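Structure first, commentary second.
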Amino acid sequence: MDKIIKEIFPNLTLETYPGLTATRGRNIIKRKYNRVYTDEEHRTGADTYEDALDKLIENQDENCKFIGITATPQRDSDNRHMVDEFAEKLGYSQEEIASQEHVAMEMDIIDAIKMGIVVNPKIVYCEYMLKLDGTLDSLNERIESLSDSDRKETLKHKFNELSKNIDKSVSGIGKILRQYLKPGGRYIVFVPLNDNNLQDFDDEAKNKNKNLSKQKIKKNETFLREALGEEYINELKKAGINIEFKYMLGNEGKKFNEKQLEEFENSSENTITFMQVINMLNEGKHAKGVTGIVWLRALDENSVNLATQQFGRGIFAVDENNPITDEERPIIFDFACNLLRVNFAKKLTTNTPRDDLKLLKRAIDWYNEHDRIIPDINSKNRNEASLASILKRIQSK
């Protein structure tokens, strides 16, 4: 592949952001380019290589074009909007940035789903993580600290009911998985980072600090097997269907991870395959043939970008000429309640005036591009039908 790319694009230079800080990066920074593409541009604000990127920008001539691409322009860690900041470094004024003259195209994942450009996945919630991640304990402490005895008693009663329901949801995970898993399915599992999200590791292993990542993967696999149940697994075996577990870890090395991913992407129709990951496949890689994701890693309300990126591993663009069936829609097993934590679910069902204006502008662009024909709600073209539906909804408002 490298040889083919070199032959077709002899003047193309490929580099990672961290690579700019290495010895080879010094030469790359000094060179002049016609175009510079910054993929996953929200990463350009990292302390470790932002200076190197700034030098790359400074060394370019005025005719160099910069094209940045990202699904999540704002960083979770410090709320910096890297698309705007990058534009400022390139010489855009604050007025130009405010009027978004630096933005070639903006469509977030919610808009894309609403318009039918990206598949709308099935989403299954299960709130068992609230008990295992300490959320319930924290809530109980707050109730116990109340001075108003009547209010305390009322909330305590509600808390006990909530605890019972969450206990039921824990035991229901296996039932949910058994209901929706299908032969040939490939599922990315985001493994919890916090030991308390699963069963605690034994003290001896903790003290030795011996390969905790692998232990978490093993614990996670055990957890899933127990949730599915021996009876279910044996029934699948009798039907000629096996359950396989793969995993990817940053410290396992490139070759190991590539082999695991290749086996996952090429798993047979007679298997249900889980790819367990810790800080892998979060972004930048769209694994082939993914049927869905299993969210066991709990994210907090400040991890909107990470939630969006992980959510994106389980969805794909829709081919308007080959619409998918309901059976082919991917599934998101949100056992960590991440879509509720980061208010993602509300975005899917809520339209603000700003959202409506953006969608209306998109409909106008389509109208102008198609000889001023009003989009037809009965069109076989999914994009046209979606735009017509949007226009009808906005008109009714």
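Which residues, counting only those in region 65-116, are under 23 Å from Lys361 (Cα atoms), charged (D, E, K, R) and touching a His at 6+ places or on another chain (Cβ under 8 Å)?
Those that are under 23 Å from Lys361 (Cα atoms), charged (D, E, K, R) and touching a His at 6+ places or on another chain (Cβ under 8 Å): Asp84, Glu96.
Among the residues of region 231-246, what is the count of those that are in contact with an Asp or Glu (Cβ under 8 Å, 6 or more places away or on another chain) and among the hydroxyl-bearing types (Ser, Thr, Tyr)?
Looking only at that region, the number is 0.
Could you list, in sequence order, all residues of region 14-43 that are open to solvent by less than 30 Å² (accessible area, probe 1.4 Å) and either more than 12 Å from Met82 (Cβ to Cβ) or aromatic (Phe, Trp, Tyr) (or both)?
Once the filter is applied, which keeps residues that are open to solvent by less than 30 Å² (accessible area, probe 1.4 Å) and either more than 12 Å from Met82 (Cβ to Cβ) or aromatic (Phe, Trp, Tyr) (or both), region 14-43 yields Gly19, Leu20, Gly25, Ile28, Ile29, Val36.
What pairs come up if the first residue lies in region 128-150 and is under 17 Å from Glu161 (Cα atoms) and modelled with pLDDT of 90 or more, the second is open to solvent by 40 Å² or more (accessible area, probe 1.4 Å) and among the aliphatic types (A, V, I, L, M), and their beta carbons are under 7 Å apart, counting only those six or more places apart or on different chains?
Pairs found: Ile143/Leu155.
Of all residues in region 44-92, how many are in a helix (DSSP H, G or I), farther than 15 Å from Lys30 by Cα and open to solvent by less than 40 Å² (accessible area, probe 1.4 Å)?
7
Whether any residue in region 174-181 is within 30 Å of Asp326 (Cβ to Cβ), modelled with pLDDT of 90 or more and part of a loop (DSSP other than H, G, I, E, B) is what I want to check.
Checking region 174-181: at least one residue is within 30 Å of Asp326 (Cβ to Cβ), modelled with pLDDT of 90 or more and part of a loop (DSSP other than H, G, I, E, B).
Which count do you get for residues in region 222-254 that are assigned to a helix (DSSP H, G or I) and either over 24 Å from the mean Cα position of the chain (by Cα) or of a type in the set (A, V, I, L, M, F, W, C) (or both)?
Adding up the residues that qualify gives 16.
Determine if region 193-213 includes at least one residue that is over 23 Å from Thr291 (Cα atoms) and at pLDDT 80 or above.
yes
Does Asn211 satisfy the criteria of being of a type in the set (S, T, N, Q) and more than 20 Å from Leu296 (Cβ to Cβ)?
Spelling it out, it is not the case that Asn211 is of a type in the set (S, T, N, Q) and more than 20 Å from Leu296 (Cβ to Cβ).
What single numbered condition from (1) under 28 Å from Gln309 (Cα atoms); (2) outside any helix (DSSP H, G or I); (3) touching a residue at least 12 places away in the same chain (Cβ under 8 Å); (4) not hydroxyl-bearing (Ser, Thr, Tyr) fails to hold for Lys32?
(1)
Across region 291-329, what is the number of residues that are part of a loop (DSSP other than H, G, I, E, B), within 30 Å of Asn79 (Cβ to Cβ), open to solvent by 20 Å² or more (accessible area, probe 1.4 Å) and aliphatic (A, V, I, L, M)?
1
Taking region 107-127 as the search range and keeping residues that are assigned to a loop (DSSP other than H, G, I, E, B) and at pLDDT below 80, which one is nearest to Val294 (Cα to Cα)?
Checked region 107-127; the qualifying residue nearest to Val294 (Cα to Cα) is Cys126.
Does region 332-383 hold any residues that are over 30 Å from Ile176 (Cβ atoms), modelled with pLDDT of 85 or more and touching a Phe, Trp or Tyr at 6+ places or on another chain (Cβ under 8 Å), and which are they?
Ile373, Ile374, Pro375
Need pairs with beta-carbon distance below 8 Å; first residue in contact (Cβ under 8 Å) with a residue 12 or more places away in the chain and outside any strand (DSSP E or B) and within region 273-289, second small (Gly, Ala, Ser) and open to solvent by 40 Å² or more (accessible area, probe 1.4 Å); sequence gap 6+ or separate chains.
Asn279/Gly250; Met280/Gly250; Glu283/Ala71
Which number in (1) part of a helix (DSSP H, G or I); (2) within 24 Å of the chain's Cα centre (by Cα); (3) modelled with pLDDT of 85 or more; (4) not basic (Lys, Arg) marks the one condition that Ile97 misses?
Ile97 satisfies all of (1) part of a helix (DSSP H, G or I); (2) within 24 Å of the chain's Cα centre (by Cα); (3) modelled with pLDDT of 85 or more; (4) not basic (Lys, Arg) except (2).
Do you know which residues across region 12-29 are free of Cβ contacts under 8 Å to residues at least 12 places away in the same chain and over 21 Å from His42 (Cβ atoms)?
Correct list: Leu12, Ala22, Thr23, Arg24, Arg26, Asn27.
Among the residues in region 67-81, are any touching a residue at least 60 places away in the same chain (Cβ under 8 Å) and in contact with a Phe, Trp or Tyr (Cβ under 8 Å, 6 or more places away or on another chain)?
no
The values are calculated or read from the model by the stated rules, or taken from the named source; none is laboratory data. Bear in mind that the values here come from a model prediction, so they are computed numbers and not experimental data. So basically every Cβ, Gly included, is an ideal-geometry build from the backbone, and we count neighbours across all protein chains shown. Note: accessible area is taken over every heavy atom of the protein model, side chains too, but ligands, DNA and RNA are not part of it. Shrake-Rupley method; radii C 1.70, N 1.55, O 1.52, S 1.80 Å.
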